[in-house]
Amino acid sequence: MPTHAERKILRYTPEQMFDLVADVRRYPEFLPWCVGARVLSSTETVLIADLTIGFKMFRETFRSRVTLERPDHVHVTYETGPFRYLNNHWRFRPLPQGCEVEFFVDFEFKSRILQMAIGVVFNEAVRLMVRAFERRAMMLYGRSQAPVAGGSATPAPSSG
């Protein structure tokens, strides 16, 4: 169903970007449509979290397992909630000018109504979410390390 892949080069270290993405508790502070985040359990390598997403009349909570492979990979797998499935990952590759950030998400809602509603705005919504992480990095780590030119978004083929 909806699938999105994006790669960008940012002037931050892989460790900085990893820490930002792994800090799920803070998502409601900067992530569009994330109205709640609750970490139920946390270790150095795995956390279980509930996220509540609100958009117009929709409000859904889902639970996911976040696997943390410091400093280069955050992988999210779906546990419970409104999806049939959800796969999401972030990869951070060191570069001389910072790091390459790779983001991937693939999911399908159980509800056809929800699936149709998100399908209309999916790619733009995901781009806005990725941009929110970039802005958060600027806020946390400084504007002098702003993203370099040449970041690209490459949509992945949709299976639906």
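The values are calculated or read from the model by the stated rules, or taken from the named source; none is laboratory data. On a predicted model such as this, the values are computed, not experimentally measured, just so you know. A quick note on method: Cβ atoms are made from the backbone with ideal geometry, for glycine too, and the neighbour counts reach across all protein chains shown. Accessible surface is based on the protein model in full, side chains and every heavy atom, while ligands, DNA and RNA are left aside. Shrake-Rupley method; radii C 1.70, N 1.55, O 1.52, S 1.80 Å.
Observations, loosely collected:
- Global size of the chain as Cα Rg and Dmax, reported in angstrom: 15.3, 46
- Charge dipole of the chain (Cα centre as origin; +1 on each Lys and Arg Cβ, -1 on each Asp and Glu Cβ, all else neutral): 380 debye, rounded to the nearest 20.
- FRET efficiency, N123 to V35 (Cβ-Cβ, R0 22 Å, nearest 0.05): 0.50
- Carbon plus sulfur fraction of accessible area for the chain, probe 1.4 Å, in percent: 54 percent
- Solvent accessible area, Å² - E102, 1.4 Å probe, full protein context: 20 Å²
- Legend: residues W90, W33, sorted from most to least accessible area (1.4 Å probe; ligands, DNA and RNA excluded), read W33, W90.
- In this simple spin-label approximation, D72 and E44 carry label points 7 Å from Cα along the Cα→Cβ vector, and these lie 1.9 nm apart.
- Angle between the chain longest axis and helix 112-141 axis [Cα atoms, degrees, rounded to 10]: 20 degrees
- Computed over the Cα atoms of the stretch 59-145, the ratio of the radius of gyration to the Kirkwood radius (Rg/Rh) comes to 1.02.
- Gained length - I113 relative to M139, 0.36 nm times residue gap less alpha-carbon distance: 5.7 nm
- Normalised convex hull volume, the stretch 35-102, alpha-carbon set, Å³ per residue: 104 Å³
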